[in-house]
Structure formats: structure tokens, C-alpha cells
Amino acid sequence: MLIREARPDDWPQIWPFWHRIVAAGETYTWDPGTSEEDARALWMSPAKRVYVVEDDDGTVVASACLTPNYGGPAARIANAGFMVDPDRAGRGTGRLLAEHVLAEARDAGYRGMVFNAVVETNPAVKLWSSLGFTVLGTVPDAFDHPRHGRVGLHIMYRPL
């Protein structure tokens, strides 16, 4: 697998899994009905560094975006989003991409990374914990999960 910075022409390969994941309404706080145009503006914003993972055949199977979480004097705390094509889950792609983005964030001068709203039932909580993230707190009953009902949103952090 190859991890590289995304190009504008990668979007048509990112959109199908981005849409599938967000439309499922299980792991992201974005509107499940987000249009493709709005999704592209959100994910591929020029203010973000966007990465993709290419499989051996050149197919984009995952993407991540890295951006400052805050501005001004707190701009050295990063935020990131990660999406792996659900058909490619369980193959280590998410871990590989996360390790890459954490290294990129550190190299860019970020001092830490925060996730503002990790759905507590998201299987990625285990991955983030194994990579050194800790739960700073949980907003109870903040997320209407389609299968589990109301669940909490974790705020997770790790220094870089």
C-alpha cells in the first residue's frame, strides 16, 4: 500500500466510501444526507492536508485529513479525520494511515492531536487507545446511533 497526499482527482474514489460511512450514521457527527459537493468542500478543503491510501492496484481505499483544531495561540493542536472503505476494513489500513498522519502532524510542528467527537461505540476507539490517545471526557447521550440508541461522544487526546 502507498500513502500519499491526495490530489483533486482522487475525490471520485474517496466519495463512495466517504458517503457510505457518513450515510450509515454510526461513526461521524456529520449529516448523513451531506451532498457530494458539501462533502468535497468539507474533506478536501485547501486548509487541510489530505492523504489517501492506494492499494496495490492503485485503488484509493482510505483517506485522512489533517488540520489545526484551534486557531491563534492554540493552532499547534491538530485534528484529523479518517475513513477506510468498509470493504477494506480489518486489514491494518486504518492503523497504517493513522501512524502516518500522526508522524506528519508531529513533523508539521503540532504538539498534540485531539478528536472532538468520537462516537463511543465506534470500533476505532480501540485503535486510538492503542496509539496513545486517552479519553479526556465523554458527552453522555450526545449521539443518536441508528442501532444503539443514544450513546456518548468521547473527546480524545494524545501528545505528539
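The values are calculated or read from the model by the stated rules, or taken from the named source; none is laboratory data. Note that the coordinates shown come from a computational prediction; the quantities given were computed from them, not determined experimentally. Note that each Cβ is placed from the backbone with ideal geometry, even for glycine, and that neighbours are counted across all protein chains shown. Each accessible area value is taken on the protein alone, full model and side chains, heavy atoms only, with ligands, DNA and RNA left out. Shrake-Rupley method; radii C 1.70, N 1.55, O 1.52, S 1.80 Å.
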Magnitude of the charge dipole, region 1-110, Cβ model with Lys/Arg +1 and Asp/Glu -1, debye to 20 | 460 debye
With R₀ set to 35 angstrom, the calculated FRET efficiency between the beta-carbons of Ser130 and Glu36, to the nearest 0.05, is 0.60
Return the carbon/sulfur percentage of the accessible area of the chain, one whole number, probe 1.4 Å, all protein chains in place.
-> 52 percent
Per-selection metrics, region 44-107 (Cα): Rg and Dmax in Å = 12.9, 43
Report Rg(Cα)/(2.2 N^0.38 Å) for region 113-160, keeping two decimals.
-> 1.12
Cα-based Rg and Dmax for region 1-153, where Dmax is the largest Cα-Cα distance (Å) | 15.1, 43
Roll a 1.4 Å probe over the protein chains and send me the accessible area per residue for the chain in Å².
-> 51 Å²
Okay, helix-only estimate at 222 nm for the chain: each DSSP H run of n ≥ 4 adds -39500 (n - 2.57), divide by all residues, round to 500 deg cm²/dmol; what do you get?
-> -8500 deg cm²/dmol
Heads up, region 76-130 by the C-alpha gyration tensor (a ≥ b ≥ c square roots of eigenvalues; a/c under 1.5 rounded, else a/b over b/c prolate, else oblate) looks oblate
With T = 37 °C, eta = 0.692 mPa s and Kirkwood Rh from C-alpha pairs, the Stokes-Einstein D of region 1-76 in µm²/s is about 245 µm²/s
Report the full-extension gain for the segment Ile155 to Ala89: residue separation times 0.36 nm, less the Cα-Cα distance, to one decimal in nm.
-> 21.4 nm
